[in-house]
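Beneath this line is the structure, given in structure tokens, with notes to follow.
The values are calculated or read from the model by the stated rules, or taken from the named source; none is laboratory data. Just so it is clear, the model here is predicted, and its values are computed rather than measured. So basically every Cβ, Gly included, is an ideal-geometry build from the backbone, and we count neighbours across all protein chains shown. Protein only, heavy atoms only, side chains kept; ligands, DNA and RNA dropped before computing areas. Shrake-Rupley method; radii C 1.70, N 1.55, O 1.52, S 1.80 Å.
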Amino acid sequence: MSLLAHRGRRIRGKEIFRRMVRETNLSVSNLIYPMFSAFGAGIKKEVTSMPGIYQQSIEHIVAEAREVQRLGIPAVILFGIPATKDAVGSDAYAEHGIIQETIRAIKREVPGLAVITDVCLCEYTDHGHCGIIRDGDVDNDATVELLAREALSHAQAGADMVAPSDMMDGRVGAIRNILDTNGFAHIPIMSYAVKYASGYYGPFREAAESTPQFGDRRSYQMDPANRLEALREAQADIDEGADIIMVKPGLPYLDILRDLRNEFALPLAVYNVSGEYSMIKAAAANDWIDEERVVMETMLGFRRAGADLIITYHAKDVARWLQR
Ligand code: PBG
Ligand code: ZN
């Protein structure tokens with residue numbers, strides 16, 4: 001028997017020791033559950049590419065919101081599928097738009113659940129882009145004005161937090177300003193600060209019916225090849241008043257998450273996006289992987305990389321698994 005000073009297996013040899021020296025933990029308090037609210041009544045339609053995730057009308061959203069709260073998940077993030085779409089995304093900032101009515105219903109029926117809203121135009125424009133079009137591209141400054149109106153209308157309907165996902169320049173500052181000057185200085189902004197132009201959003205675009213009808217989002221979402229740009233984007237949003245910064249997608253960008261964790265002292269969120277979810281669900285449905293094990297390992301990976309909050313379609317399952 002050789003004399004080894006370092007035997008890593010000594011401390012790994014018993015579950016009780018492994019538990020005592022575990023460096024990272026995961027709690028239900030870290031989770032945010034995304035939901036898709038559809039205009040109409042009696043609607044509950046499963047998204048083909050996202051088993052277990054539904055487009056649903058308000059009464060079903062409220063029922064699921066109750067379940068989410070019972071599971072101990074603190075917050076949901078809402079996306080809307082409006083009755084009609086137009087060139088300027090009017091429903092996004094309408095007083096009685098789909099999201100505004102959904103916020104009111106959840107806050108009335110499940111007041112203890114935090115309601116976060118996605119602030120963007122792509123779910124509401126007939127062309128599917130995240131802003132209004134001028135000369136074949138999204139017009140930044142004109143879009144920012146509408147995003148600010150959208151965020152204000154969410155706050156007026158009772159949203160607890162707003163989350164701009166559009167990637168226009170200056171939108172966090174504009175939203176902070178309109179909230180502050182209208183009595184909503186207490187409403188935090190979780191900014192999609194670092195959002196890459198990603199193929200992993202494919203299933204979401206089916207869920208939100210928000211596929212761009214021409215071109216792609218590369219003139220506003222980030223190039224997946226860039227790392228330093230993430231620091232610039234995060235810094236800009238922090239300077240404009242973001243309270244929480246987000247990295248999106250999750251798994252292919254864990255290095256970026258760690259960069260931001262090391263650089264900034266703000267709460268950090270990660271979006272475990274639709275394509276990441278669909279891949280695990282598809283592999284699990286084929287019995288190629290153990291779903292619980294792979295999902296929990298994925299969540300731990302986000303936490304280890306530095307995320308405080310994880311936006312994930314797996315949230316309800318994770319909450320149940322954590323209770324065992
Ligand atoms: C809207 C938005 C998107 C997602 C969140 N907000 C789609 C996109 O930018 O194309 C993606 C979420 C997911 O894939 O789960 N801007
Ligand atoms: Zn968008």
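A single entry from Ile103, Ile81, Ile98, Ile58 fulfils the requirement of being modelled with pLDDT of 95 or more and within 30 Å of Arg303 (Cβ to Cβ): Ile103. When each of Val119, Val138 is tested for being within 16 Å of ligand 2 (Cβ to nearest atom) and farther than 15 Å from Ala163 by Cβ, the lone residue that passes is Val138. Screening Gly128 with (1) within 11 Å of ligand 2 (Cβ to nearest atom); (2) in contact with a Leu (Cβ under 6 Å, 6 or more places away or on another chain) gives one miss only, at (2).
For the range 211-225, residues that are touching a strand residue (DSSP E or B) at 6+ places or on another chain (Cβ under 8 Å) and near ligand 2 (Cβ under 10 Å from one of its atoms) total 2.
Contact map, the range 118-138: first residue over 21 Å from Val76 (Cβ atoms), second residue at pLDDT below 95 and near ligand 2 (Cβ under 8 Å from one of its atoms), Cβ cut-off under 6 Å, separation 6 or more or different chains; pairs are Gly128/Ser210. If the condition is being exposed (fewer than 12 other Cβ atoms within 10 Å of the Cβ) and of a type in the set (S, T, N, Q), then the range 77-96 contributes only Thr84. Candidates Ala155, Ala185, Ala92: the one that is more than 28 Å from Leu228 (Cα to Cα), among the hydrophobic types (A, V, I, L, M, F, W, C), over 16 Å from the mean Cα position of the chain (by Cα) and assigned to a loop (DSSP other than H, G, I, E, B) is Ala185.
For the range 64-76, the tally of residues that are of a type in the set (Gly, Ala, Ser) and open to solvent by 50 Å² or more (accessible area, probe 1.4 Å) stands at 0. For the range 114-128: of the residues being of a type in the set (A, V, I, L, M, F, W, C) and more than 16 Å from Pro188 (Cα to Cα), which is surrounded by the fewest Cβ atoms within 10 Å (Cβ to Cβ)? Here the answer is Cys122.
Taking into account only those residues within the range 285-324 that are open to solvent by 20 Å² or more (accessible area, probe 1.4 Å) and within 16 Å of Ser49 (Cβ to Cβ), which is farthest from ligand 2 (Cβ to nearest atom)? Can you show your working first?
Filtering the range 285-324 for residues open to solvent by 20 Å² or more (accessible area, probe 1.4 Å) gives 285-294, 296-297, 300, 303-304, 308-309, 316-317, 320-324.
Now drop any that are not within 16 Å of Ser49 (Cβ to Cβ), which leaves 285-286.
Details: Ala285: 29, Asn286: 32 Å.
Among those that are open to solvent by 20 Å² or more (accessible area, probe 1.4 Å) and within 16 Å of Ser49 (Cβ to Cβ), it is Asn286.
For the range 68-84, check the following and say yes or no: at least one residue is hydroxyl-bearing (Ser, Thr, Tyr) and over 23 Å from Glu291 (Cβ atoms). Within the range 68-84, one or more residues are hydroxyl-bearing (Ser, Thr, Tyr) and over 23 Å from Glu291 (Cβ atoms).
Restricting Asp86, Asp135, Asp139 to those that are on the phi > 0 side of the Ramachandran plot and among the charged types (D, E, K, R) reduces the list to Asp135. The set of residues in the range 95-136 that are in a loop (DSSP other than H, G, I, E, B) and either within 11 Å of ligand 1 (Cβ to nearest atom) or among the small types (Gly, Ala, Ser) (or both) comprises Gly97, Gly112, Cys120, Leu121, Cys122, Glu123, Tyr124, Gly128, His129, Cys130, Gly131, Gly136. When Tyr201 is tested against the conditions (1) in contact with a helix residue (DSSP H, G or I) (Cβ under 7 Å, 6 or more places away or on another chain); (2) of a type outside the set (D, E, K, R); (3) more than 14 Å from ligand 1 (Cβ to nearest atom), the lone failure is (3).
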